[in-house]
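Before any comments, here is the structure.
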Amino acid sequence: MSTKHTRGPWQAINDDLGGDSDVVFIQAQPSPAMRGFTKRVAFVYGSEVDPQSTANAALIAAAPELLEAAKLARVVLQDAHALTIYGTEDPSVQKAFDAVLAAIAKAEGAS
């Protein structure tokens, strides 16, 4: 499947709008495809002192790496799922495998 989202890595940049309002914008790193320009992919509005806004921005900025990690985990869990211990499957492996598949589907817009 080809990547539809803006390729990572992304970073969160604080931008003081003055007063009590701030925005954190999430931008992609410059790439040859973007001819050295950065691309803003998301905005998180809040306050510089609002820890939830800061945490939300950090989570969004980590999204490309989290998706790649989930895809790697899918391969490992798929292999673990195929293995059996004394003829029975470990239910925690199945639960983790299902969670990873759901997260990848959501990130790729399939759910």
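The values are calculated or read from the model by the stated rules, or taken from the named source; none is laboratory data. Model, not experiment: these values are computed from the prediction. These accessible areas exclude ligands, DNA and RNA; they are computed on the full protein's heavy atoms, side chains included. Shrake-Rupley method; radii C 1.70, N 1.55, O 1.52, S 1.80 Å.
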Verdict on F25 being at pLDDT below 85, open to solvent by less than 60 Å² (accessible area, probe 1.4 Å), aromatic (F, W, Y) and not in a helix (DSSP H, G or I): yes
For region 50-67, enumerate the residues that are open to solvent by 40 Å² or more (accessible area, probe 1.4 Å) and not small (G, A, S). D50, P51, Q52, T54, N56, L59, I60, E65, L66
Within region 1-22, considering residues that are of a type in the set (S, T, Y) and modelled with pLDDT under 75, the one nearest to G46 (Cα to Cα): S21
In region 68-111, how many residues are at pLDDT 85 or above and either over 20 Å from the mean Cα position of the chain (by Cα) or open to solvent by 90 Å² or more (accessible area, probe 1.4 Å) (or both)? 5
